[in-house]
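Peer 1: Before I ask anything, let me first share the structure, which is written out below as C-alpha cells.
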Amino acid sequence: MGRLIVCTLAASLALPFAAGRAAAKDTLTLGMVLEPPGLDPTAGAAAAIREVTYANIYEGLVRIDAQGKVRPALAASWTISPDGLAYTFHLHSGVRFHDGAPFDCSVVKFSYERALSPDSTNAQKGLFEPIAAVACPDATTAVVTLKRPTASFLFDMGWGDAVMLSPASIASDRTNPVGTGPFRFVRWVKGDRVELERFSGYWGQAPKLARVTFRFISDPSAAAAAVMAGDLDAFPNFPAPEVLDRLKADPRFSVVVGTTEGKTILALNNARKPFDDVRVRRALAMAIDRQGLIEGAMSGYGTPIGAHYVPTDPGYIDLVSKYPYNPEAAKKLLAEAGVKPGTTIEIKLPPPVYARRGGELIAAYLEQVGLKADLVPVEWAQWLEGPFRNGDYAATIISHTEPRDLDIFAREKYYFNYKSEAYRSLFAQYQAATDPTKQTELVGALQRQLADDEPVVFLFALAKVGVWNAKLRGMWINSPIPANDVTGVSWAE
Amino acid sequence: MARLLLTRFAALVATLLAASLVVFVVLDVLPGDPALLILGTGARPDTLAALRHQMGLDLPAWWRYLLWIGGILHGDWGVSATYGVPVGDLIAARALVSLPLAVLAIVLSTLLAIPMGVAAAARRGRALDVSLMSAAQIGVAVPNFWLGLLLILLFSVQLAWLPAGGFAGWDKGIGAALGSLLLPALALALPQAAILARVTRSAVLETLGQDYVRTALAKGLTGMAALWRHAVPNALIPVVTIIGMQFSFLLAGTVIIENVFTLPGLGRLIFQAIAQRDLVVVQDLVVLLAGSVIVVNFAVDLAYLWLDPRLTRGEG
C-alpha cells in the first residue's frame, strides 16, 4: 500500500510546483521517521534519541565527527599511558550545563560510575565495562584507568550512551534533557515535534542556527509531501526512495547519498541444522546476488559488504567478491552438505523495509538453488524477544546499526551462536593492541575470519539518503554514528 | 428513564472491568518485553534485570493488574514508559486532536449525506438519484488515505493553502488548528458520507412506502411536505445508528489518516504504544475507548427515544 501511495505521489509531481515558503535564515526544521522514546541517550538504545540529542544537546568527553573520527569535545585533549591502561583527559574549564550546574571532573566520575553501577540501565553498559576507576586529581583533569587495554575505548566514549548529563537532572532527562551542548531543549510536543534553541552560555563556538525543530513523520508519502510543500528544510534519512528521482531533478533540493553503519545481514542460527555446517552458510552467501538485492529491495541505495564492517570504517578490506553470486556452485555445495532440494528455511522478518522487501527477494534467490523460504513477519518487540534474546529462530534479516561492532561475534552468548575460538582470540589481541598499525592489521584479520566462517550472510550496508534545501550547508552526508548533528549547519546567502 | 440510566451505568462498569481484564491479559501473554525494547540489541542480563525492576515488570501479573486498577480509581492513570509523562496528560493532549477531528468529520459527513440521501430517495430512479448514488458508490470505493493524499497534493503541494500535515496546536489559534484538521476531516468524512447517504436513501424509501405517508398525501399534503414531515423523521433511526457507529470508529480508528497527515491523535498513540509495548498507555486507552463507545451508544439510545416517543412509553 505504501508503495502505491508513493507512486501516486511521484506521478503527480510532474505537475508544476507551488513556490516553497521562504525559510528564515537561522531556523531549521528537520524531518525524522521515528519519534524518540524519551530524550536520554543513557537510558535507551533507540537511534532516534541520538538523532535529536547527539552533539546538539549533549556532549561527551570526546565526540565522533561526520567522518567517523574521534574529536575532542568536553575534553580538550588527552594522553594515553604507554601500557594503554590510563587515559588522562584535560577538560575544558568554565563549562556549564543548561541548568547552570558546572561541568568538571566530578561529573565525569559520576557519569561513568552511574553507567557501571549494578542498577545501571545504560543500553550500552558493555562500553564502560573495561573501566576500573575514575580519579579526579583536579577539577579539570579526569584520569580513567582500565582493567585491560581496550583499542576501541576512545571511540566508545564518543557514543551517545557516554554523554554527560547534569547530575541533578538525571531523573528528568527523558522528558527535559539537560546537557552542555550548543542547543538547549525548549519543548516536546509528543507525537509531533521537539524544539531546540541556541544556548547562549555555550562554552565553545556558538552555532549559526538559532532554532531547530525536529518533526516526526512516519508515513513515507507524508514525508515526501512535507518536503515538497516546503514544510521541512531537511529530511536526513529520507524514507521514500521512489520519489528521489523527481527530487533530484528539482533545483530546490539537494539529494545526497551517504553511508551508514547499518550492516544488513541474513542472520543464521549456527546452533541449528543445517546452519551448523559452514558449507551451507557459504552456499547461501553464493545464492544471493547482493547487488540485485539492493536494486530490488532498496531502490538501488546500499553498498554490498563481505564482512561485519562497512567501507568507511578504518581498516576496512573489501571481501565482497569472496562469495560471488553463483547459484550453480551454491547448489553443488548444498548437495555436498547433504541439504535436500525442497528443504524449507523459516526466515523471520522484522518491520523495516530492508527485511520485509529483502525477504521476498531472498526467498526468490533461495528458490533458484532449490530451497524454500517460509517468510514470517514479526513485530519489533517479537523479534527482540524471539530471535534476539531467546535464539528462537532459524534465519532472520536484520541490520546491526551500532558502529564498528565486530565484538558481537566474539561474545560468549549471542543469538548467532557463532562459537569460534580463532575469532575470539583475534578479537582479544585486537583490543589489547596499543600500536595503531597492529590494530589495523588485526581489524583486517577479524574481517577475513568472519568472511571465511560466514557465520551469517553479510548482505549490504544501508545507505543514508538525505534530502535537504539546496541552500543548506554543513549537513552530515554519512552517518558514522546515529546523529543529526546540526551544530555546523547554516544557510547560504 | 431511570431504569434505562441504571442499566446503562451497570453495563458501563461491567464492560470497563471486562475490557480492562481482557486487554491486560492479552498484553501480558503477548511476546515482547518492554524493557528489552528500550535497551535494544545492546541489552545485557544485568541491565535488563535492573530496568525490569525499575519498571515494576518483575512483580506478579495479578499484583500489577491491581496496582493499575487501584491507580485509576485514585485518578492516577500511570506513567508512559515511552514518553515518561503521566498517561492522563498524554491522552488529554491527543484527545484535543482526535475529538475535534471526529466531530468535524461527522458534522461534514452528516451535512453532506442526509440531503443527498433524501434527495435521491425523493427522485428515485431519476437522473438525480442515479448520479448521486453513483457518486456515493465512488465514495465508498475510494480509500480514505488515498483521498487524503490527493487533498495534500492539491491544497498543500500545488496551492500551498494549508500545511502538508502536522497539527498547529490550539495555542496557535482556532483558525490554525482547524486549518490543520480540515483536510483530514474531509478525507474521513467523504467515504463516511457516501455510506450514510446510501443508508439514508434506503431508509427514506422504506418510509415513503408506508401507509401513513400515503394517508398524508391523501389528506392533501404536497409531496415535499409529506417527505419532510413524515417520511424523513421516521427514517432517522437507522441513520442515527450509523452516525453513532461512525463516531465511535472515528475516535481511534483513524490511524491511517493520522499517519498520512502526521496528526498526533489517539489512533497513532495506541498504534505506537502497542508497537513499543508501552503497556499502561495501551491499557488506559482501551478502557477509555470502550467507555466512550458505551457513552456514544447511550447517546444514540437517547436519540431513539427522542425520535420515536413510542419507545419511552414502551419503557414505562
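The values are calculated or read from the model by the stated rules, or taken from the named source; none is laboratory data. Worth saying up front: this structure is predicted, and the values here are computed from it rather than measured. Every residue, glycine as well, gets a Cβ built from its backbone with ideal geometry; the counts of neighbours run over all protein chains shown. These area figures cover heavy atoms from the full protein model, side chains too; ligands, DNA and RNA do not enter into them. Shrake-Rupley method; radii C 1.70, N 1.55, O 1.52, S 1.80 Å.
Peer 1: What angle do you read, to the nearest 10 degrees and between 0 and 90, between the alpha-carbon axis of helix B:61-73 and the longest principal axis of chain B?
Peer 2: Once rounded, one gets 60 degrees.
Peer 1: Please identify the DSSP H helices in chain A that span no less than 24 Å along the helix axis (Cα) and have a mean Kyte-Doolittle hydropathy of -0.5 or more.
Peer 2: Long hydrophobic helices here: none detected.
Peer 1: Could you give the Stokes-Einstein D for region B:218-316 in µm² per second, using the C-alpha Kirkwood radius, 37 °C, 0.692 mPa s?
Peer 2: Taking Rh from Cα pairs, D becomes 199 µm²/s.
Peer 1: What figure in square angstrom, to the nearest 10, would you give for the accessible area of B:THR82 with a 1.4 Å probe?
Peer 2: 10
Peer 1: Taking square-rooted eigenvalues a ≥ b ≥ c of the alpha carbon gyration tensor, is region A:62-171 rounded, prolate or oblate, where a/c under 1.5 means rounded and, failing that, a/b exceeding b/c means prolate?
Peer 2: rounded
Peer 1: Could you tell me what fraction of 2.2 N^0.38 Å the Cα radius of gyration of region B:204-262 comes to, as a two-decimal ratio?
Peer 2: That ratio works out to 1.76.
Peer 1: Okay, next question. Ranked highest first by average number of other Cβ atoms within 10 Å, how do A:97-105, B:166-174 line up?
Peer 2: Packing order, densest peptide first, comes out as A:97-105, B:166-174.
Peer 1: Within the P(r) computed for the protein assembly as shown, what percentage of the Cα pairs occupies the region above 39 Å?
Peer 2: Here the long-distance tail beyond 39 Å is 47 percent of all Cα pairs in the protein assembly as shown.
Peer 1: Mind ranking A:212-222, A:284-294, A:315-325 by how tightly packed they are, going by the mean number of other C-beta atoms within 10 angstrom, highest first?
Peer 2: A:212-222, A:284-294, A:315-325
Peer 1: Separate question: Kindly compute the accessible surface that chains A and B hide from a 1.4 Å probe when together, both sides summed, and give it to the nearest 100 Å².
Peer 2: So the total buried area for this chain pair works out to about 4300 Å².
Peer 1: Under the rule of at least 5 residues apart or a separate chain, name every residue whose amide H is placed under 5 Å from the amide H of A:SER254.
Peer 2: Excluding prolines and chain starts, which carry no amide H, the hits are A:TRP468, A:ASN469, A:ALA470.
Peer 1: Once you wrap a convex hull around the alpha carbon atoms of region A:137-243, what is its projected area averaged over all directions, in nm²?
Peer 2: 10.9
Peer 1: A follow-up question, please. Show the residues, 5+ positions off or on another chain, whose built amide H is closer than 5 Å to the amide H of A:ILE398.
Peer 2: So A:ILE398 has HN proximity to A:ILE265, A:ALA267.
Peer 1: Just subtract the alpha-carbon distance of A:VAL70 and A:PHE110 from 0.36 nm times their residue separation and send over the number in nm, one decimal.
Peer 2: Here the answer is 12.2 nm.
Peer 1: In addition: May I ask you to give the percent of accessible area on region B:71-151 that is carbon plus sulfur, with a probe radius of 1.4 Å?
Peer 2: For region B:71-151, the apolar C and S fraction of the accessible surface comes to 72 percent.
Peer 1: Quick one: with all protein chains in place, what share of the accessible area of region A:62-171 is carbon or sulfur, to the nearest percent (1.4 Å probe)?
Peer 2: 58
Peer 1: From the square roots a ≥ b ≥ c of the eigenvalues of the alpha-carbon gyration tensor of region A:270-411, which class results: rounded (a/c under 1.5), prolate (a/b over b/c), or oblate?
Peer 2: rounded
Peer 1: Over chain B, calculate the relative contact order: mean separation of alpha carbon pairs under 8 Å at least 6 apart, over the residue count, as a percent.
Peer 2: The normalised contact order for chain B reaches 26 percent.
Peer 1: Quick one: helix B:266-275 against the long Cα principal axis of chain B, what's the angle to the nearest 10°, folded into 0 to 90?
Peer 2: 40
Peer 1: Can you tell me how region A:290-366 classifies by the Cα gyration tensor, rounded, prolate or oblate, using a/c under 1.5 as the rounded cut?
Peer 2: Oblate is the answer for region A:290-366, as a/c is 1.5 or above yet b/c matches or exceeds a/b.
Peer 1: How far apart, in nm, are two points set 7 Å out from the Cα along the Cα-to-Cβ line at B:LEU305 and at A:SER81?
Peer 2: Calculated label separation equals 8.4 nm.
Peer 1: Can I ask one more? Angle between the Cα long axis of helix B:232-252 and the longest principal axis of chain B, 0 to 90 degrees, nearest 10?
Peer 2: So the inclination is approximately 20 degrees.
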